[in-house]
Amino acid sequence: MKVVTSDDGTHGTAIGQVFASEASKPLAEMYYSPAGDIVVGVKPDADSNQVVTKLGNVPIGTQFTYELNYSNDQLSISINGNTTPLSTFSWDSPACYFKSGNYNQGESAASSEVHIYAINVVHS
């Protein structure tokens with residue numbers, strides 16, 4: 001993945017998500033900011049605000065890899081091979097699906113551009 005520009009949302013452009021199927025709410029969202037910061041927001045439950053954790057920094061325009069892993073109520077995210085385990089609080093292993101893309105979070109006309117070079121999906 002490479003992000004060329006990022007939007008002016010609170011944390012930037014959402015580039016990856018883990019969605020709880022029945023709640024139709026994101027359990028976790030990964031963001032890329034205009035400063036190159038990559039953060040993840042995890043909701044303690046479907047109706048709470050996200051708890052945000054910084055995962056790293058990759059300068060805009062630099063290609064990087066990430067992996068979202070959620071299984072048996074264990075969430076981890078790897079950026080360029082550096083893995084961070086994250087709490088899922090009280091979610092208790094809901095059925096989930098994953099999304100990767102360019103989910104602009106800004107309120108202005110600021111645009112974002114995300115290039116995805118490959119996606120590998122594994123279900124077990």
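Derivation of every value follows stated rules applied to the coordinates shown; laboratory data play no part. A quick note: this is a predicted structure, and the numbers were derived from the prediction, not measured. Methodologically, a virtual Cβ is constructed for each residue, glycine included, from the backbone with ideal geometry; neighbour enumeration extends over all protein chains shown.
At 1.306 mPa s and 10 °C, plugging the Kirkwood radius over alpha-carbon pairs of the range 61-109 into Stokes-Einstein gives what diffusion coefficient in µm²/s? Answer from the Stokes-Einstein relation: 121 µm²/s. Here the relative contact order of the chain, from alpha carbon pairs under 8 Å that lie six or more residues apart, stands at 34 percent. Net charge of the neighbourhood of residue 29, taken over other residues with C-beta under 11 Å away and scored Lys/Arg +1, Asp/Glu -1, is +3. Could you compute the net charge surrounding residue 92? Neighbours are other residues with a C-beta less than 10 Å from the C-beta of residue 92; K and R count +1, D and E count -1. Within the 10 Å Cβ shell, the charges total -2.
Once the piece of chain linking residue 67 and residue 49 is laid out straight, how much longer is it, given 0.36 nm per residue of separation minus the C-alpha distance between them? All intermediate terms of the calculation are to be shown ahead of the outcome.
Details: separation 18, 0.36 × 18 = 6.48 nm, distance 2.32 nm.
Separation in residues times 0.36 nm, less the Cα-Cα distance, equals 4.2 nm.
Each peptide among 74-81, 11-18 gets the average number of other Cβ atoms lying within 10 Å of its residues, and from highest to lowest they stand as 11-18, 74-81. Across the chain, Cα-Cα distances exceeding 25 Å account for 19% of all pairs. Between residue 101 and 16, the built amide H atoms are under 5 Å apart, and every one of these is 5 or more places off in sequence or on another chain.
Other residues lying with their Cβ under 13 Å from the Cβ of residue 75 contribute a combined charge of -3, Lys and Arg counting +1, Asp and Glu -1. Summarising the label geometry, the points placed 7 Å from Cα in the beta-carbon direction at residue 25 and residue 92 lie 1.4 nm from one another.
For the modelled label position 7 Å from the Cα of residue 117 along Cα-to-Cβ, which residues of the range 27-44 have backbone nitrogen atoms closer than 18 Å? Residues passing the 18 Å test: none.
When peptides 111-119, 20-28, 32-40 are ranked by their average number of other Cβ atoms within 10 Å per residue, the highest-first order is 32-40, 20-28, 111-119.
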